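Novice: Before I ask anything, let me first share the structure, which is written out below as structure tokens.
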Amino acid sequence: IPNMVFVKDFKDNMKITLLNKAGETLLGINSSSLIGKNVFDFLPKEQAEFFSSKKGLAFKEKKSIRIENEALSSPSGTKFLRTDKVPTFDSNGNPDLLIA
């Protein structure tokens, strides 16, 4: 798909498990440099805390949330994105993955 998609694993400290080609192009990075990392590993602290709080809200409310103007720092500069964060849950109702 032409939009950036990434997946984070709730059970593994919100580490990134997938970044598609559109995300690599938009951010100017190779997905292998992000896989296995969480936002605190590569973003400024303020941005990482913001993303972490929105992740918590999606899982707490058990519904997707939209951020209309989300700033994201990358090697190719700051990007402003509209982001939908979709929480998924395992068969026991426990948080599983965050798809954005």
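The values are calculated or read from the model by the stated rules, or taken from the named source; none is laboratory data. Note that the coordinates shown come from a computational prediction; the quantities given were computed from them, not determined experimentally. Backbone-built Cβ (ideal geometry, glycine too); neighbour counts: all protein chains shown. Ligands, DNA and RNA are stripped out before the accessible areas are found, and what is left, the full protein with its side chains, is counted by its heavy atoms. Shrake-Rupley method; radii C 1.70, N 1.55, O 1.52, S 1.80 Å.
Novice: Return the residue satisfying two criteria in turn: it lies in segment 5-37 and is of a type in the set (A, V, I, L, M, F, W, C) and in a helix (DSSP H, G or I), and of such residues it is farthest from Leu72 (Cα to Cα). Write out each step before concluding.
Specialist: Keep residues of segment 5-37 that are of a type in the set (A, V, I, L, M, F, W, C), which gives 5-7, 10, 14, 16, 18-19, 22, 26-27, 29, 34-35.
Next, from what is left, pick out any that are in a helix (DSSP H, G or I): 10, 22, 26-27.
Details: Phe10: 20, Ala22: 15, Leu26: 11, Leu27: 9 Å.
Ranking the candidates gives Phe10 first.
Novice: Could you tell me how many of the residues in segment 38-51 are open to solvent by less than 60 Å² (accessible area, probe 1.4 Å) and more than 11 Å from Leu72 (Cα to Cα)?
Specialist: Here the count works out to 1.
Novice: Here is a further query. Does Val7 satisfy the criteria of being modelled with pLDDT of 90 or more, closer than 19 Å to Val86 by Cα, within 11 Å of the chain's Cα centre (by Cα) and among the β-branched types (Val, Ile, Thr)?
Specialist: Values: modelled with pLDDT of 90 or more: yes; closer than 19 Å to Val86 by Cα: yes; within 11 Å of the chain's Cα centre (by Cα): yes; among the β-branched types (Val, Ile, Thr): yes.
In short, yes.
Novice: On to the next question. Kindly list the number of the only condition in (1) open to solvent by 40 Å² or more (accessible area, probe 1.4 Å); (2) in contact with a strand residue (DSSP E or B) (Cβ under 7 Å, 6 or more places away or on another chain); (3) under 21 Å from Lys62 (Cβ atoms); (4) at pLDDT below 95 that fails for Thr17.
Specialist: Against the list (1) open to solvent by 40 Å² or more (accessible area, probe 1.4 Å); (2) in contact with a strand residue (DSSP E or B) (Cβ under 7 Å, 6 or more places away or on another chain); (3) under 21 Å from Lys62 (Cβ atoms); (4) at pLDDT below 95, Thr17 comes up short only on (4).
Novice: Still on this structure, I have one more. Return yes or no: is Leu81 closer than 26 Å to Asn30 by Cβ and among the hydrophobic types (A, V, I, L, M, F, W, C)?
Specialist: yes
Novice: Filter segment 58-100 for residues that are open to solvent by 60 Å² or more (accessible area, probe 1.4 Å), at pLDDT below 90 and not in a strand (DSSP E or B) and give the result.
Specialist: Pro75, Ser76, Thr78
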